[in-house]
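Student: Here it is, the structure in full.
The values are calculated or read from the model by the stated rules, or taken from the named source; none is laboratory data. No experiment lies behind these values; they were computed from the predicted model shown. Glycine also receives a Cβ, built like all others from the backbone with ideal geometry; neighbour counts cover every protein chain displayed. Heavy atoms of the whole protein, side chains included, go into the accessibility calculation; ligands, DNA and RNA do not. Shrake-Rupley method; radii C 1.70, N 1.55, O 1.52, S 1.80 Å.
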Amino acid sequence: MSLRLYLDSARQPRTPNGSAGEWGDFFDGAMELEAKNWPPLLWWAMFSPGDLAEARIADTEDAGTDEHAELLSEWGEATYPYLVVDQPTALSRLHSRRQALTSRLGAQFSPLYDEFVALIDTRFGPYVLLRTEALADGGEGGIRLLFEESLADLERLDSGHSTAAGGRVDSLISDFQRWQNTDPVWLLSGAGDGWPSVALRERYAATAARRSSSRSAERAIAVGWVWGVLVVVCSTGAYWLTGSVLPIVVAFGVVLAVGAMTLSVSRRRRITSVWSVKGRSSSDCEL
């Protein structure tokens with residue numbers, strides 16, 4: 001089961017306090033992005049260690065509700081870490097860290113980075129809140145330590161240094177590069193109302209389709225070479241064992257038939273893959 005994390009435009013420099021009944025007014029149509037399991041890289045790029053705060057797990061629901069009572073019974077006074085920063089500082093960090101991050105991600109993702117910066121500029125503020133209650137570990141400290149390590153690694157960029165080799169930022173970038181052909185916008189920045197734009201989504205969906213087609217073509221060529229070798233080997237073996245031409249013809253025909261079936265399946269998979277990627281560009285991002 002996936003965990004849901006949220007990046008919100010907030011009016012205050014903290015998460016809403018359930019004990020004060022603040023959640024009811026929090027969801028008033030302000031911009032919110034959603035991601036799965038772990039904050040995306042572009043979310044991290046707005047924060048530093050000083051932005052780390054703590055809140056009670058029970059206060060993720062308003063007092064007086066059954067949900068608040070259940071959380072209080074289960075977690076007591078246990079807290080979880082979250083992040084919040086004023087919007088001007090978030091934008092400043094995004095600008096100053098741009099070159100270091102886009103050079104690692106690849107120039108093709110610079111437009112995505114820039115559009116994300118524009119989104120924060122126009123639809124977030126006065127504060128940017130990263131809600132991470134889904135990662136709460138009951139105050140054991142494991143999640144907070146990971147947050148501190150990730151933020152300290154990013155802060156190295158502010159003094160002109162590279163991030164630590166094999167560190168948290170390296171891990172985020174490696175994970176993105178492994179899965180970037182699925183949905184790079186979602187993986188780097190999450191999704192929400194009006195984000196990503198149709199143009200941005202189609203831009204990267206088309207890129208993914210081309211890459212998928214290219215990989216399929218390479219596999220088809222490799223399969224062709226394998227079957228060519230098998231034809232030669234089987235034909236030579238048949239002639240060596242029997243001294244007759246007939247087994248050579250039979251072996252040749254069998255290998256060619258199996259090869260043709262394999263290439264046909266590969267072609268159908270390639271077409272399905274391309275249209276699957278194109279279909280995602282014209283529909284809402286799966287949340």
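Student: Please work out how much accessible surface Glu77 shows to a 1.4 Å probe, ignoring ligands, DNA and RNA, in Å² rounded to 10.
Tutor: 130 Å²
Student: Please work out, to two decimal places, the log10 of the ratio I(q)/I(0) at q = 0.11, 0.12, 0.15, 0.22 Å⁻¹ from a Debye calculation in which every Cα of segment 14-135 carries one identical scatterer.
Tutor: -0.44, -0.52, -0.75, -1.30
Student: Contour minus end-to-end for Ala30 and Thr122, with contour as 0.36 nm per residue of separation and end-to-end as the Cα-Cα distance?
Tutor: Numbers: separation 92, 0.36 × 92 = 33.12 nm, distance 1.15 nm.
Here the segment from Ala30 to Thr122 would lengthen by 32.0 nm.
Student: Might you work out the accessible area of Phe176 for me, using a 1.4 Å probe with all protein chains in place, and round it to the nearest 10 Å²?
Tutor: Counting only protein heavy atoms, Phe176 exposes about 10 Å² to solvent.
Student: Provide Tyr204, Tyr6 ordered by accessible surface of protein heavy atoms (probe 1.4 Å), highest first.
Tutor: On the way: Tyr204 15, Tyr6 50 Å².
If we order Tyr204, Tyr6 from most to least accessible, we get Tyr6, Tyr204.
Student: Taking 7 Å along the Cα-to-C-beta vector as the label spot, tell me the Ser96-Ala134 distance in nanometres, rounded to one decimal.
Tutor: Between Ser96 and Ala134, the simple spin-label model gives 3.0 nm.
Student: Across segment 97-107, in residue order, what do the Karplus-derived ³J(HN,Hα) couplings come to in whole Hz, using 6.51 cos²θ - 1.76 cosθ + 1.60 with θ = phi - 60° and x for Gly and Pro?
Tutor: Result, rounded to whole Hz: 9, 4, 4, 5, 7, 5, 5, 7, 6, x, 4.
Student: Still on this structure: What full-extension length gain, to one decimal in nm, is calculated for Glu149 and Arg178 as 0.36 nm per residue of separation minus the Cα-Cα distance? Present the calculation step by step, with values, prior to reporting the outcome.
Tutor: Working: separation 29, 0.36 × 29 = 10.44 nm, distance 2.19 nm.
Result for the pair: 8.2 nm of gain on full extension.
Student: Tally Lys/Arg at +1 and Asp/Glu at -1 over every other residue whose Cβ is under 11 Å from the Cβ of Ser189; what's the total? Before the final figure, lay out the partial values.
Tutor: Values: positive: none; negative: Glu34, Glu115, Asp183.
Charge balance in the 11 Å sphere: -3.
Student: Compute the distance in nm between two label points, each set 7 Å from the Cα along the Cα-to-Cβ direction, one at Asp114 and one at Arg14.
Tutor: Going from the Asp114 label point to the Arg14 one covers 4.0 nm.
Student: Suppose we look only past 20 Å in the calculated P(r) of segment 1-59. What percent of the Cα-Cα pairs does that tail hold?
Tutor: It works out to 34 percent of all Cα pairs.
Student: To continue, here is another question. Under a Cβ-Cβ cut-off of 12 Å, what is the net charge of the residues other than Trp38 that fall near it, where Lys and Arg count +1 and Asp and Glu count -1?
Tutor: Working: positive: Arg4, Lys36, Arg168; negative: Asp175.
Once positives and negatives cancel, what remains is +2.
Student: In terms of solvent-accessible area of protein heavy atoms at a 1.4 angstrom probe, what is the ranking of Leu5, Leu172, highest value first?
Tutor: Leu172, Leu5
Student: Take the alpha-carbon positions of segment 73-147, form their convex hull, and give its projected area averaged over all directions (one quarter of the hull surface) in nm². Walk me through the numbers before you get to the answer.
Tutor: Working: hull surface 26.5 nm².
The orientation-averaged projected area of the Cα hull of segment 73-147 comes to 6.6 nm².
Student: Calculate, for Glu54 and Asp158, the FRET efficiency according to 1/(1 + (r/R0)^6) with r their C-beta to C-beta distance and R0 22 Å; round to the nearest 0.05.
Tutor: On the way: r = 24 Å, r/R0 = 1.08.
Once rounded, the FRET efficiency stands at 0.40.
Student: Continuing with the same structure: Arg104: accessible area at probe 1.4 Å, nearest 10 Å²?
Tutor: Its accessible surface works out to 90 Å², give or take rounding.
Student: May I ask for the net charge around Thr79, where only other residues with Cβ less than 11 Å from the Cβ of Thr79 are counted and Lys, Arg are +1 while Asp, Glu are -1? Before the final figure, lay out each step's value.
Tutor: On the way: positive: Arg56, Arg144; negative: Glu54, Asp59, Glu77, Glu133, Asp137, Glu140.
Neighbourhood net charge equals -4.
Student: Ok, one more. How far apart, in nanometres, would the label points at Ser171 and Arg4 be if each is projected 7 angstrom from Cα along the Cα-to-Cβ direction?
Tutor: Taking the simple label geometry, Ser171 and Arg4 are separated by 2.6 nm.
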